[in-house]
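First the structure, in the form of structure tokens, and then the observations on it.
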Amino acid sequence: MIKTKFFPAMLLFGLICSNHAIAEECNDASISSDYPTSARVDYVIGCMASNGQSHEMMQKCSCSIDLIAKAIPYEEYVHISTLLSLQQMTAAGRNAVYKSSTWSQKAVARLRDVQADSTLQCF
């Protein structure tokens, strides 16, 4: 057994390095930074709620939103997220057009395609 005050630091370094492969792909300097931190955190929290509350899952979900941010500008992401919210409402009144229109279905399909690609790369 190692009895040194540096053991916790070595253990932490080992944990960090064990996830280095995932982190290296997702911490690329070319990742777009136009998404606000709150939007990235919101995505990661939702992703973790669906997939598990672990540190590994946090890294995978962070990787996923980073890849989405590379593929879809933030303004477009907000529009698509709004469409998804409107599509989940009951189809009565004005929001019915958001469920049935071709343009809204294409926008949502684009996000889902990018999410599928990010799942393949990050999970």
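Throughout, read-outs are computed from the coordinates displayed, never taken from laboratory work. Every value quoted in this text rests on a predicted model; they were computed, and no experiment measured them. Methodologically, a virtual Cβ is constructed for each residue, glycine included, from the backbone with ideal geometry; neighbour enumeration extends over all protein chains shown.
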Exercise. Which value results for Rg/Rh of segment 56-123 when Rg is the Cα radius of gyration and Rh the Kirkwood radius based on the inverse mean 1/r?
Worked result: 1.06
Problem set entry | Charge dipole magnitude, Cβ of K and R +1, D and E -1 - segment 62-123, Cα centre, debye nearest 20 | 260
